[in-house]
Every structure is written in C-alpha cells, then in structure tokens.
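The values are calculated or read from the model by the stated rules, or taken from the named source; none is laboratory data. Small disclaimer: the values here were computed from a predicted structure and weren't measured. Positions of Cβ are backbone-derived with ideal geometry, glycine not excepted, and every protein chain shown enters the neighbour counts.
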Amino acid sequence: MSPLVPFGKKFREKYFPNLDKEAYPLNHGSYGLTPKPVHEEYVRTLSKEAEYPDRYIRYDLPDKYVRALKSVGEFVNCDYRDLALVDNATTGINTVLRSFPFEKGDKVLMMSTVYGSCGNTVKFLKEYKGIEYQVVEINYPVQDDEIVGKIEEIFKTQLVKMCMFDTITSMPGIRFPFEKMVKLCKKYQVLSLVDGAHCIGLIPFDLGDFKPDFFISNLHKWLFVPRGCAMLYVDTKHHDKVQTLPISHSYTSDNLVDKFTFIGSKNYASIACIESAIEFRKGVCGGERAIYEYCLGLSEQAAKRVKEIWGDVEVLGISGALVTVEVPMANPRLFDDATMVKQCEEYVYGAMIRQYNTYVPMVYHNGKIFARFSCQIYNELHEYEYASRVILEIFDNFFKSLNK
Ligand SMILES: Cc1ncc(COP(=O)(O)O)c(C=O)c1O
C-alpha cells in the first residue's frame, strides 16, 4: 500500500510540522521523533491524566498498559505476557543485568562496539557483584561469519554465563548477526541478552522466530512512539529472575504484567500512544513494507550520493535506514589522541547544529572517521547532499583552526 501523502517533503509538512523548517534532520536514530497524530494522542493522554490522576492511574493505566502490551506482542509475534514496557533501552538492559541473579565469577561477554551505557552496566556489575566480563574486539569492516566464528571459539573454551550483543550497533550503525548469535548462544547454553535499541520499526523482525532469552527494543526511536518507551521481552523461564528498576510495590508479583505496570509515580503517557503509533504506520504510511522500502531506497541513494561528493571513501554499511560512510580525511590517525577527538567533536557538532542546522553523528572507528546518516520517511535526497558538503567544510575549518 502507498502512504496517504508521498513520503519526503510533503509528508514532513503534514505529519511532522513541528520540525524546525530550517533544519535538516538526519539523525532520527538517536532519539526518534513522533508524527503529529501520535503527538496529539500523547497530549490528549496528559490532559486526561491531569483531569483526575487517581482515576487515570488506578483504573485507566492498567487497562492501557495491557492493551499496549498486546499491540506490541502482535507486532513482534510473541505472547504479551512475556513483555514489559520500560522507559528506554538503557533501562531495559539495566533491568535485566541488575536483577539477574549472577554469582561471583559469572562471565558476561560483550562486544567492543557495545553502547556506552550498556557496557558501563556490565562494568558496574564487576565492581559491585564480582562478575567477570570479556570484550570481543569488533573492527569493521568484518564479515558476519568471522564475528560468529570468533565468538564460538570463546564459547568452546570458556564458561560464559551471558552474552550481550546488538541488533544494529550504535556507532558505526551496522547490523550485527543477532539471529545467528542467538542460535550460537543456545548451542553453548549461554544466555542471550539482545540490545535491540535500533530494531522495532527499523527492520522487519519476528521475535517468535529466534527466541532470545532477553531482548530490548526502543519503541521511541523507529516506531514513532513518544520518547521514554521501550519493550523488554523475557523468556517465560526467566520471569522470576527479572525485577523492576527500581524495585517497587510489585516486587512479589509472580507475573511480568503485574510487576511492571506501575513502578512509581512518573509519566506513563507514551505507553498509551503505542496503539496510535502502530495505527499511524498502518493507515497513514501504508504499512511496514512501505516504510521499510522508502527508507532503504533512500539509504541506498544517499550512500551513493554522499560517496560521489566525498570521493574515494568506504560505505561501511546500510542497515535498514542507517547509512554509515567514511569521512574523507588526509590524516585520520590524528584521532588516536582522545583529546583531539573531544576537541573535534565540540567544534564539528557545535558548527553543524548552531550554524548549519543539521546533525550527523560521527565515530572514530578502526583508524577512520565514519558518519552515520538516518533516512526517515520525512527525508529527501537533497538533505544528504547538503549535510555531506557541510561536513567537508566544517572539517576543513576545524583543521585550519588547529594551525592558527
Ligand atoms: C545499541 C544501543 N543501545 C542502547 C541505546 C540507548 O538507548 P536509550 O537512550 O533509549 O536508552 C542506544 C541509543 O542509541 C543504542 O544505539
């Protein structure tokens, strides 16, 4: 099915009218963005809650929570009773790691590309619970089979309790072989903890297909739910091992639904917008396939165009709607120095946002700088042309500023 309004500029004007008219928004991947009808549902929910908080929180919220769980369950193909809704991917990962009954010396395996907050949670557990962890070095470009093979070698020779990996790594934004990894974990009886911060709404996904032990996905990034909403899937056999963060009234509940519905006074309004976000995707956007096809098509065109502008550079990956391209640079090894990285980030990001009204996150990885562009249904090709020229200009100015 086709969208009601063509994706791109017209779609942006009608459904994302709050976006700054002067901005080139090429970083949907970091925080997500909510279309107008879903935003309106969010505002209605806040007003409803404000009308009579006791009624809303005691009676409406539990109902809305279960309806939201059922929508997500249907969307990802799993039993809604294996799901919980939490604030974000960081909270989901913390929820599992900090409540799982690790014993001193248990080993957690994670990748060098792990998202900072999630990696830090594992480090925290080493200090506070005495677990061990090992980091698998992942340097892109690398083939999926090489990654899986490297991890299998570790599983063969060492006792690993849990392995944490992404669906799509953050920076650079590359699809990780997560389906193969879940199978591998099962083969070696290692628990799989999948960080799908970038997953639901970004790539076609069927949870019933690969059944990890624990899986988290943000709903506020790519599904268009207002910020502060993520799903946590816990295999039924582990329900008793997962507690809410913070521990709350529901500590002794023996099912996930009761446990996670109310964990303290906070804003629960985004949960009430999940159905509306899924409906928007179906009705206004013409369904998941229409969204994926537009974003992937735009990603491929953007990668080609940026490469034409930047010259002989590597397109590291196109993962759904995330495109990672090497930024051309005479001496990228300059960024082996962490102070230089910090100085450059301040200069380049500051100029991008304040002077040029755009933002594209970049990372120094394996001796090169890579830029990660997000391609969303409100974007058009000319925005990537603009941003890639801007990036060249800003880096040029940055290097000149160093010689002053
Ligand atoms: C792989 C990965 N994990 C976790 C997160 C954290 O997401 P949040 O800020 O919603 O907690 C991100 C954010 O981009 C991410 O890319």
For region 183-208, give me each residue that is within 16 Å of the ligand (Cβ to nearest atom) and free of Cβ contacts under 8 Å to residues at least 60 places away in the same chain. Ser192, Val194, Cys199
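Residues that are within 18 Å of Leu245 (Cα to Cα) and touching a residue at least 12 places away in the same chain (Cβ under 8 Å): does region 126-141 have at least one?
Let us first name the residues in region 126-141 that are within 18 Å of Leu245 (Cα to Cα), namely 128-129.
This time we only want the ones that are touching a residue at least 12 places away in the same chain (Cβ under 8 Å), so: 129.
Within region 126-141, one or more residues are within 18 Å of Leu245 (Cα to Cα) and touching a residue at least 12 places away in the same chain (Cβ under 8 Å).
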Can you go through Thr358, Thr339 and tell me which one is among the hydroxyl-bearing types (Ser, Thr, Tyr) and loosely packed, with under 15 Cβ neighbours inside 10 Å? Thr339
Just to be sure I understand the filter: pairs with C-beta atoms under 6 Å, separated by 6 or more residues or on different chains, first member in region 239-252 and not assigned by TED's automatic domain parsing to the domain that holds Val96, second member in a helix (DSSP H, G or I) and of a type in the set (A, V, I, L, M). Which pairs pass? none
Every listed condition ((1) modelled with pLDDT under 95; (2) within 16 Å of the ligand (Cβ to nearest atom); (3) of a type outside the set (Asp, Glu)) holds for Lys211 save (2)
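In region 119-130, is there at least one residue being in a loop (DSSP other than H, G, I, E, B) and either over 21 Å from the mean Cα position of the chain (by Cα) or surrounded by fewer than 17 Cβ atoms within 10 Å (Cβ to Cβ) (or both)?
From region 119-130, those in a loop (DSSP other than H, G, I, E, B) are 130; that's our starting set.
Then drop every residue that is not either over 21 Å from the mean Cα position of the chain (by Cα) or surrounded by fewer than 17 Cβ atoms within 10 Å (Cβ to Cβ) (or both), which leaves 130.
Taking every residue of region 119-130 in turn, at least one turns out to be in a loop (DSSP other than H, G, I, E, B) and either over 21 Å from the mean Cα position of the chain (by Cα) or surrounded by fewer than 17 Cβ atoms within 10 Å (Cβ to Cβ) (or both).
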Filtered residues of region 79-117 (kept if within 14 Å of the ligand (Cβ to nearest atom) and either free of Cβ contacts under 8 Å to residues at least 24 places away in the same chain or assigned to a helix (DSSP H, G or I) (or both)): Ala89, Thr90, Thr91, Gly92, Ile93, Asn94, Thr95, Val96, Leu97, Gly116, Ser117
When region 143-174 is checked residue by residue, the ones that are part of a helix (DSSP H, G or I) and either within 16 Å of the ligand (Cβ to nearest atom) or touching a Ser or Thr at 6+ places or on another chain (Cβ under 6 Å) (or both) are Ile147
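Condition check ((1) in a helix (DSSP H, G or I); (2) loosely packed, with under 14 Cβ neighbours inside 10 Å; (3) within 16 Å of the ligand (Cβ to nearest atom)) across all residues:
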position	(1), (2), (3)
Gly29	yes, no, yes
Thr34	no, no, yes
Glu40	yes, yes, no
Val43	yes, yes, no
Tyr65	yes, no, no
Leu69	yes, no, no
Phe75	yes, no, no
Out of (1) within 30 Å of Leu19 (Cα to Cα); (2) without any contact (Cβ under 8 Å) to a residue 12 or more places away in the chain; (3) within 16 Å of the ligand (Cβ to nearest atom), what's the single condition that is false for Asn120? (1)
Considering each residue of region 49-78, count those that are closer than 18 Å to Ile278 by Cα and in contact (Cβ under 8 Å) with a residue 24 or more places away in the chain, and give that number. 12
Of the residues in region 214-232, those that are in contact with a Cys (Cβ under 7 Å, 6 or more places away or on another chain) and within 9 Å of the ligand (Cβ to nearest atom) number 1
Looking at (1) in contact with an Asp or Glu (Cβ under 9 Å, 6 or more places away or on another chain); (2) of a type in the set (Lys, Arg); (3) more than 22 Å from Cys199 (Cα to Cα), find the lone condition where Lys14 falls short. (1)
Answer yes or no as to whether Asp145 is out of contact with any Leu (no Cβ under 7 Å at 6 or more places or on another chain), surrounded by 23 or more Cβ atoms within 10 Å (Cβ to Cβ) and either among the charged types (D, E, K, R) or farther than 21 Å from Tyr233 by Cα (or both). no
